[in-house]
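Taking it in order: structure first as structure tokens, then the write-up.
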Amino acid sequence: MGQRGFGGGPQRGGGGGGLGRPVHHQQGGGVAQGGTIVSPEDVRAIVSGDDDGRILVKNAEALAGGFDQSTTRTSIRRLYTEFRQIEAMWRDAERREIAARRATLLGPRLAYQTGRAPALRTLTDVLRQMLVEVAGGTDNEARRRRFLRVVEFVEAIVAYLPQRERRN
């Protein structure tokens, strides 16, 4: 049996789409430039070791640049808003446990969002991988710091979207 964590389900070997495995999408799936998603090494670096933010910026720009026309800024901003709400809860000492639980429940929410907007699959797959890394924090404070980096990643994607829309 695989381990459970933020991300909404067990992590098992085989198949595509889990932590550390490439994801292959059909056309219109929002695949980042070059047909790849954020590498497992970059996911780990963004969440727990990218002190200067360069890896975060490089991957956010590539991911935002790979979305097709069906991917709306509104859909991505909606995800960003949910991440920001959880971040705000984590700052409040009385609501930290609730924030940790809501972060855990983001995995199923991301899966649901992908069903409603298939063009977001690459983004939601990467975010689910990041949530698994967040869950690997040694304590609630470490998980909060890791989650903050995921919020910064989503914020950077939102920031790069207008540039993509002007190019088209």
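The values are calculated or read from the model by the stated rules, or taken from the named source; none is laboratory data. No experiment lies behind these values; they were computed from the predicted model shown. Here Cβ is always computed from backbone atoms with ideal geometry, including for glycine, and neighbour counts include all displayed protein chains.
Summary table below
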{"item": "Number of positions in the range 117-142 that are in a helix (DSSP H, G or I) and either free of Cβ contacts under 8 Å to residues at least 60 places away in the same chain or aromatic (Phe, Trp, Tyr) (or both)", "result": "5"}
{"item": "Residue list for the range 41-58, filter: within 20 Å of ARG143 (Cβ to Cβ) and not in a helix (DSSP H, G or I)", "result": "GLY49, ASP50, ASP51, GLY53"}
{"item": "From ARG78, ARG96, residue being surrounded by fewer than 17 Cβ atoms within 10 Å (Cβ to Cβ), in a helix (DSSP H, G or I), at pLDDT below 90 and not β-branched (Val, Ile, Thr)", "result": "ARG78"}
{"item": "From ALA103, ALA93, ALA156, residue being over 20 Å from ILE46 (Cβ atoms) and hydrophobic (A, V, I, L, M, F, W, C)", "result": "ALA93"}
